[in-house]
């Protein structure tokens, strides 16, 4: 499985934008980039995914480098509720895969 | 609508006891996954069901771990003769698609925290 690298932790002030980086230098052409987050004492929840183009949804934006070897999850205005562990995961677009591989993720702290 | 429901939320077991953890997936979801999450770590895959068929159990750490989904909906993860190293959060997830696909995210429950004393 292609691997991702994320910083262990990051801090942000409340109501400021947050850029969470992810490196995936061995990504293949058939891998999608997915982000999940895990709030304290909860299960992970899906945030966003993309292949090549930048993506936006109500939760966040995903910026993907032109060579696809890195990506950035952007929270436009951090709130206290965004304090969580964020996981960047590569998902193969073909069939026959049954495992989503999580790393350690980035623990985001939001300062009031 | 209801999400993935797991019970109990917390379980304390004495070493050597058997435990059973239940997962109620979202209605109509074909795929069901079990993950184990140790403190400070990301979730690790245990096993996968497509309807009632267990198609991947490569992540089960020992033969003390057993999972079933007999009617293709509710699933139970059973751990026999629990050991201290089994202490972890056990997460269940479901999805509409068959297997992992790029366009069908997993929906996770809030897990069962198992503590073995």
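Coordinate-derived values only; no laboratory data. Model, not experiment: these values are computed from the prediction. All Cβ positions, even for glycine, are placed from backbone atoms using ideal geometry, and neighbour counts span all protein chains on display.
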If a residue has to be part of a loop (DSSP other than H, G, I, E, B), in contact with a strand residue (DSSP E or B) (Cβ under 7 Å, 6 or more places away or on another chain) and surrounded by fewer than 13 Cβ atoms within 10 Å (Cβ to Cβ) to count, how many in region A:9-29 make the cut?
-> 1
Among the residues of region A:42-98, how many are in a loop (DSSP other than H, G, I, E, B), within 11 Å of chain B (Cβ to nearest Cβ) and over 14 Å from the mean Cα position of the chain (by Cα)?
-> 8
Out of A:95, A:78, sole residue that is surrounded by 15 or more Cβ atoms within 10 Å (Cβ to Cβ) and over 23 Å from residue B:88 (Cβ atoms) | A:78
Restricting the search to region B:97-111, which residues are in contact with a strand residue (DSSP E or B) (Cβ under 7 Å, 6 or more places away or on another chain) and more than 7 Å from chain A (Cβ to nearest Cβ)?
-> B:97, B:98, B:104, B:107
Of the residues in region B:67-86, those that are surrounded by fewer than 16 Cβ atoms within 10 Å (Cβ to Cβ), under 12 Å from the mean Cα position of the chain (by Cα) and within 23 Å of residue B:16 (Cβ to Cβ) come to B:68, B:76, B:78
Evaluate the following for residue A:108: is it out of contact with any helix residue (DSSP H, G or I) (no Cβ under 6 Å at 6 or more places or on another chain), away from chain B (no Cβ under 14 Å), part of a strand (DSSP E or B) and buried (at least 17 other Cβ atoms within 10 Å of the Cβ)?
-> yes
